[in-house]
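Down below is the structure, laid out as structure tokens.
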Amino acid sequence: MTTRLLPWLFVLVMAVGPLWLGDQYILYVLTSTGIFIIGAMSLNLLLGYTGQLSLGHIAFFGIGAYTSALLSLGFDLDLGGAEPFVLGPQPVWVAFLGGILVAALFGFLIGKLAFRVRGAYFVIVTISFAQVMRMVALNWVDLTEGPMALNNIPPLSVWLPWDGVIPLYKKEYNYLLVLAVAVVCFLVIQRLVQSRVGRALVALRENESLARSVGIDVTRYLVVATVIAAGMAGAAGGLYTHYIRIVDPDVFMFIYTVTMVIMVVTGGKGTLAGPIVGGLAFGILPEVLREVARPEVQWIIYGVAMIVVVFFLPQGIVPAVKNWFAGRRKRVAGTALGLRKETSA
């Protein structure tokens, strides 16, 4: 029972603690980190539970960001006909959901195509997809404004009984919104991995040939995982674009995928809490180092910390902590059993 309550206690602390401190910079850092933790959780569904390394995962993040921005701003598109296609500004939540759906659709298409290959070929396909999307965002100036970026993106809004509909300009509101979306994504992934689908995904990760031999449709389950992961990454991108209120082609930069991979691997891939722990550790660490070290020293410390974690905790922080507690319980149980034997003797 205590173990089941720990996640909710953590959520309560994360909801109340930063707001109690009232530091706007801390809220900004935690909100930005939370957005990338959502992206890391979605990547963990592929990397941790299916064993497929997607180094183009940031493409779904960027697709969600651009789709949500374009729908909320409105756009006109010349399709070669007499009149251009014109779409007026849509409500921000409709735009946000649209970003999720479009990202999930691209996840379905990429899953159908990319999972025909494995290993290094799959990695190359995903990286190429992200680079193609970046070039589209950079060069389709009529739609995306190219390097000039889409700006003045409206913030998300909520309805409160005492205030009515209010735009989420304040950092406190955005932080709580990101926390709420992260909790929903966590619960969806938890339900998925504990279901028949999740067991099939783990079977594919452990031994694909054996999974095929017992009748598991490999491509189908991998595509399902990709669609869900892409939709969640799109949600993270939508949160990002409505929080920062500007989006440009740099949102597709490869370094963001690397950041998510670091969060997953150091926290513990294939665990529910791994991306959260890794994300908090390596998302907040650069901000802490900024106060005590020069920029070049910051990256050295960051790299050394990552190497230390990977070298001494190869399975990640969360599995290492679980193994330590399990070993400690065994030692305590063994000691208690020995004392009982001595007493009975």
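The values are calculated or read from the model by the stated rules, or taken from the named source; none is laboratory data. No experiment lies behind these values; they were computed from the predicted model shown. Backbone-built Cβ (ideal geometry, glycine too); neighbour counts: all protein chains shown. Please note that ligands, DNA and RNA were not included when accessible areas were found on the heavy atoms of the full protein model with its side chains. Shrake-Rupley method; radii C 1.70, N 1.55, O 1.52, S 1.80 Å.
Among the numbered conditions (1) in contact with a Gly (Cβ under 6 Å, 6 or more places away or on another chain); (2) not in a helix (DSSP H, G or I), tell me where V165 comes up short.
Failing condition for V165: (1).
Hey, could you check the range 294-309 for residues that are of a type in the set (A, V, I, L, M) and open to solvent by less than 50 Å² (accessible area, probe 1.4 Å) and say which is farthest from M263 (Cα to Cα)?
By that ranking, first place goes to V297.
What about I276, is it of a type in the set (A, V, I, L, M) and at pLDDT 90 or above?
Considered against the rule, which asks whether it is of a type in the set (A, V, I, L, M) and at pLDDT 90 or above, I276 comes out as yes.
Taking helices (runs of 4 or more DSSP H) that do not extend beyond the range 209-303, which have at least 2 residues that are within 13 Å of I37 (Cβ to Cβ) and touching a Ser or Thr at 6+ places or on another chain (Cβ under 6 Å)?
Working: elements: 218-244, 254-267, 274-290.
By residue number, 218-244, 274-290.
Quick check: is even one residue across the range 70-90 within 30 Å of A200 (Cα to Cα), assigned to a helix (DSSP H, G or I) and of a type outside the set (S, T, Y)?
Among the residues of the range 70-90, not one is within 30 Å of A200 (Cα to Cα), assigned to a helix (DSSP H, G or I) and of a type outside the set (S, T, Y), which makes the answer no.
If you check V132 against the conditions, is it outside any helix (DSSP H, G or I) and loosely packed, with under 14 Cβ neighbours inside 10 Å?
The answer is no for V132.
Taking the range 177-226, which residues are surrounded by 19 or more Cβ atoms within 10 Å (Cβ to Cβ) and farther than 20 Å from A40 by Cβ?
Result: A200, L204, A211, Y221, V223.
Here is a check on your reading of the model: is L97 at pLDDT 85 or above, in contact with a helix residue (DSSP H, G or I) (Cβ under 9 Å, 6 or more places away or on another chain) and surrounded by 23 or more Cβ atoms within 10 Å (Cβ to Cβ)?
Spelling it out, it is not the case that L97 is at pLDDT 85 or above, in contact with a helix residue (DSSP H, G or I) (Cβ under 9 Å, 6 or more places away or on another chain) and surrounded by 23 or more Cβ atoms within 10 Å (Cβ to Cβ).
For the range 84-94, name all the residues that are within 16 Å of V165 (Cα to Cα) and surrounded by fewer than 17 Cβ atoms within 10 Å (Cβ to Cβ).
P91, W93, V94
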